[in-house]
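Below is one structure; the comments refer to it alone.
We did not get these values from a lab; they are worked out from the coordinates using the rules stated. Because the structure is a prediction, the values reported are computed rather than measured. Neighbour counts are summed over all protein chains in view; Cβ atoms, including those assigned to glycine, are modelled from backbone coordinates with ideal geometry.
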């Protein structure tokens, strides 16, 4: 028995659908390229660590705190970058084959797009808070305008994060 030949418009429709679906792979190099950003963060972290260690006996307490906060800032940014790389790739391109990998992070494969947005916002708020703390540790070197902008941006990030969480919660309750 021969198969019926689908009408031409179905063939065109299927070809377009397949092209659109396969275009997700255009994002793969972007997510892979983010690993270069991770490398840059590693270099900057190492530079900051070398600077901190080289001045450990001559630096004042507040200077040490500011330098350590800078390292924490970089570590938060690195974690954020990994979440975006892994979760973004899994959510938008393809699942990662981590079968047999014993040290796979427990959150891999469980972070949805909504979770990723909230983690991203929480990281931005934390980074902003660290930047603001650095301002307060160096009040003598910070202008009132810089401080006002820092506080204003931080409040904006906090409010945006709260609104994003509320919207995510409200949409999760919808059928």
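Peptides 146-157, 32-43, ordered by how many other C-beta atoms sit within 10 Å of their residues on average, highest first, read 146-157, 32-43.
For the chain, the longest principal axis of the C-alpha atoms and the axis of helix 144-172 are separated by about 30°. Legend: calculated FRET efficiency, residue 94 to residue 168, from the Cβ-Cβ distance at R0 = 41 Å, rounded to 0.05, equals 0.95. Between the helical axis of 8-22 and the longest alpha-carbon principal axis of the chain there is an angle of about 20 degrees. Ranked by how many other Cβ atoms sit within 10 Å of their own Cβ, fewest first, the residues 14, 131, 3 fall in the order 3, 14, 131. Given springs between every Cα pair under 10 Å in a Gaussian network model of the chain, which of 121, 137, 82 has the largest fluctuation? Comparing 121, 137, 82 in a Gaussian network model of the chain, the most mobile one is 137.
For the chain, the longest principal axis of the C-alpha atoms and the axis of helix 113-137 are separated by about 10°.
All C-alpha pair distances within the stretch 71-148, sorted into 5 Å bins from zero, spread as 3, 13, 20, 17, 14, 11, 8, 6, 5, 3, 1 percent across the bins.
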